[in-house]
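Step one of this worksheet: look at the structure below.
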Amino acid sequence: MKILKFGGSSVGDAERIKNVIEILKQSIEENKKIAVIFSAFQKVTDNLIKMSQLAAAGNTEYLEYYKKLEQRHISTAQEILAIKTQSGILAQLKFTLNELEDVLHGVYLVKELSARTQDFILSFGERLSAFIIAHALIDRNIDSEFLDARNLIKTDEAFGGAKVDFELTYNNIKEHFKSHKKLQVITGFIGSTNINETTTLGRGGSDYSASIFGAALDVDEIEIWTDVDGVLTADPKKVKKAFPLKGMTYEEAMELSHFGAKVIHPPTMHPAMEKKIPIRIKNTFNPSFEGTVINGHTNNSNFSIKGISSIDDIALLRIQGGGMVGVAGIAQRIFSALAGKQINIILITQASSEHSLCLAVLPKFAAAAKKAIQQELHYEIKERLILDPIVETNLSIIAVVGENMRRTPGIAGKVFQALGKNGVNIIAIAQGSSELNISAVISRDDEAKTLNALHDAFFLSIAKTVNLFIVGTGLVGGTLLKQIDNQTEFLAREYLLNVKIIGLANSRKMLIDSNSIDPLNWDKRINEDGIKTNLDSLIEEMKKLNLPNSIFVDCTASDKVSLRYKEILDSSISVVTPNKRANASSFDYYIQLKQSAIKHNVRFLYETNVGAGLPIISTLNDLVSSGDKVIKIEGVMSGTLSYIFNSYTNGKTFSQIVKEAKEKGFTEPDPREDLNGMDVARKLLILARETGLSLELKDIKVENLVPEAARNTKSVDEFFEKLKEFDHEFEEKRKWAESKGNVLRYVALLENGKAEISLQEVNDKHPFYSLSESDNIFALTTKHYQNRPIVVKGPGAGADVTAAGVFADVIRISNYLS
């Protein structure tokens, strides 16, 4: 035999009730013997509470609520009942509704609402729904009868949350079912006292009713039908990747429910748990899905935990002081004081020194809890033995639950690592000796981020997701978007990496979409749906979203953007950038960025600041961190100047070569920005700082290749005209080098703590001699590599290689965050 229970959205309207009837037909065919329990129609209990409160306040608005409730039940009955049977059933229904109206009118007249009367009013929800559905089943030739559970479930007089007399109740149920062979359509949530006064069974009362009937009848299984596919690994509204579990133990279900998971209210499971009856959670809207089975067995699972849940709004009371240390009974007095005020404690944690005690309660009880503790510890507070209790609000509790956590090393470490790498501060921690759950108090602002980070860490530990916010969609940014689009499927398949673009901005418009922006059609989306770019708004929205594994990617050359890096890093968001401005600004700011990244457990990566996609900075960092000492760095660090001097041969003037480089897109719009050497200076400065030198840009000696007379021309065309006047000077240098078998190269040198950049001659034995096109080359001489320096050579400019380097940094961060 099975007990089935339906409630909430399962009985939200006539169409859904018809769907439930089809499920019942199928269950009867499969199981033969069943009984079914119904809650009130969706939202009816809330409305009954509201109308009774209005009536008690003398507010005639209660009548509007009543009329809507009356119309809803009558219209539902008319939709699901056969026309030929409607008149008699509607008459009975109207009689019951009139009874409700009379009671509400009485409350309105006396302006008093006792707990006894409230329970009686609330009972109408289940009585009406079960009555209507029972007759709908009869109409469909299902041999059924309505059963008012008040006749069988007997309780004490604790109205609002009555205690069940199990011995009497079980006997009543068994006797009833011996003589009633039809399908019993039972009211959930309600019972009655020994003198037949109506009572309710408290929160989750209809689930409790199912558990009571199931235990009394020793059924094979209890099915609780909801609107989700069983118990999920997390709240799907907060964690989109949550998925249903096949099974869990009673203890796991109770722990998850205690901390906010809408599984099943813990006390409602006790009758079934005592009889070891499985409880299956199923989805009314997906009836073929097997759902989740809750029983006494630890289910085999590939995961070390079963679920993550949270209470999204709690208050934390902190009691501390030297007067607590070694003094017996302080904790007992605090707990007794709170119990006396009917204040439930959600979480308790105490320092081993006994110097402090933290208690989590619902915010609505925080003030009363503080007052109760102040009164109980009045003497100790007055004598300053214990400080006045401190209340912290805007907090949440997250709980990681699972039987497999027992005696499994590393679970707590994994929790703290996932939170730490996402910048989540833990305010309080609790773990029971059963090792069934780890609970942590965090800022409420971090709740969704924490749930997602933990879910990824424990359930998607192989798969990873990074959330990108990209600023700059020009040459490098646009190419990066193409590369992400081209690599999306490959990364998901081969590396189980999901790259999501959440934010995108260019100089005109910006767009943020928490569901992600398609990198293939980004330009269409940003033009159609984007708003005017505002860097403040973009950063604020990125911080507000507070997504785990967030990365800010700056593909601009803007000082304005680079000056925001510290704020972004301080918000526990990693930064990737080819923009040299930040690292080449003041040494103080450079150090601040490094320290912020370390402090907030995020990454600040800028491999493409020097050498585009070449592994220069990472190689240098590896050498330094392994204890090697850098003796000298020299290199051709400008792709533009590399191309110019690699192409500068007999037959072409210097100005012609520069113009050709501009036409091919190798130079900046104004070539003076390349020829003045400042771009190379910034790169050399960054490398110097990576070796540990505290240099500033002004400390670098730079040979400016722009003739002084051409530096202040008003336009680029004027510049080229003026540059022609100096072609003979550059030609003399070229011929002089050529006469000795040498070539000209614009070389950056760092040695003995000094940095300089100049046009030099190199011979055919020098590694810089054989450069071609726009190649960069770097020679690193270190203590370990003195005789033969490490040489890194390759394309040092171009959108493709730069974007690839940025993409590589993004993947490095994804590996760090996983």
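The values are calculated or read from the model by the stated rules, or taken from the named source; none is laboratory data. Predicted model, so just to flag it, every value in this text is computed and none were measured. Backbone-built Cβ (ideal geometry, glycine too); neighbour counts: all protein chains shown. Keep in mind that these areas ignore ligands, DNA and RNA; they rest on the heavy atoms of the full protein, side chains included. Shrake-Rupley method; radii C 1.70, N 1.55, O 1.52, S 1.80 Å.
Residues in segment 740-756 that are out of contact with any strand residue (DSSP E or B) (no Cβ under 9 Å at 6 or more places or on another chain) and within 22 Å of Ser772 (Cβ to Cβ): Gly741 only.
Picking from residues in segment 389-408 that are of a type in the set (Val, Ile, Thr) and under 25 Å from the mean Cα position of the chain (by Cα), the one that is surrounded by the fewest Cβ atoms within 10 Å (Cβ to Cβ) is Thr393. Applying the condition of being open to solvent by less than 30 Å² (accessible area, probe 1.4 Å) and not in a helix (DSSP H, G or I) to segment 524-546 and asking which residue is farthest from Asn609 (Cα to Cα) yields Gly530.
Just name the residue that is farthest from Phe654 (Cα to Cα) out of those in segment 697-723 that are surrounded by 15 or more Cβ atoms within 10 Å (Cβ to Cβ) and charged (D, E, K, R). The residue in question is Asp699. Flag set for Leu338, criterion: assigned to a helix (DSSP H, G or I) and aliphatic (A, V, I, L, M). Would a scan of segment 154-169 turn up a residue that is of a type in the set (Phe, Trp, Tyr), under 27 Å from Ala14 (Cα atoms) and touching a Ser or Thr at 6+ places or on another chain (Cβ under 9 Å)? Looking through segment 154-169, none of the residues is of a type in the set (Phe, Trp, Tyr), under 27 Å from Ala14 (Cα atoms) and touching a Ser or Thr at 6+ places or on another chain (Cβ under 9 Å).
On inspection, Thr193 qualifies as among the β-branched types (Val, Ile, Thr), crowded, with 16+ Cβ neighbours inside 10 Å and without any contact (Cβ under 8 Å) to a residue 40 or more places away in the chain. One residue alone among Asn579, Asn521, Asn549, Asn583 is out of contact with any Lys or Arg (no Cβ under 6 Å at 6 or more places or on another chain), open to solvent by less than 30 Å² (accessible area, probe 1.4 Å) and at pLDDT below 95, and that residue is Asn549. Filter segment 85-119 down to residues that are over 22 Å from Phe189 (Cα atoms), aliphatic (A, V, I, L, M) and open to solvent by 40 Å² or more (accessible area, probe 1.4 Å), then give me how many there are. Residues meeting the conditions: 3. Number of residues in segment 371-401 that are in contact (Cβ under 8 Å) with a residue 12 or more places away in the chain and either more than 30 Å from Ala457 (Cα to Cα) or assigned to a loop (DSSP other than H, G, I, E, B) (or both): the value is 16. Condition (residue is without any contact (Cβ under 8 Å) to a residue 24 or more places away in the chain and not aliphatic (A, V, I, L, M)) applied to segment 567-582: is it met by at least one residue? The answer is no, given that none of the residues of segment 567-582 is without any contact (Cβ under 8 Å) to a residue 24 or more places away in the chain and not aliphatic (A, V, I, L, M). When we screen Ala453, Ala492 for residues that are touching a Pro at 6+ places or on another chain (Cβ under 9 Å), among the small types (Gly, Ala, Ser) and not in a strand (DSSP E or B), the only hit is Ala453. Of the residues making up segment 357-385, those that are under 11 Å from Leu317 (Cα atoms) and under 31 Å from the mean Cα position of the chain (by Cα) are Leu357, Cys358, Leu359, Ala360, Val361, Leu362, Pro363, Phe365, Ala366, Ala367. The numbered conditions (1) within 20 Å of Val361 (Cβ to Cβ); (2) hydrophobic (A, V, I, L, M, F, W, C); (3) in a helix (DSSP H, G or I); (4) in contact with a Ser or Thr (Cβ under 9 Å, 6 or more places away or on another chain) are all true for Ala272 except (1).
Scanning segment 504-515 for residues that are within 18 Å of Cys555 (Cβ to Cβ) and either open to solvent by 40 Å² or more (accessible area, probe 1.4 Å) or free of Cβ contacts under 8 Å to residues at least 24 places away in the same chain (or both) turns up Ser507, Arg508, Lys509, Leu511, Ile512. Between Gly420, Gly413, the distinction of being out of contact with any Leu (no Cβ under 6 Å at 6 or more places or on another chain) and surrounded by fewer than 15 Cβ atoms within 10 Å (Cβ to Cβ) belongs to Gly413 only.
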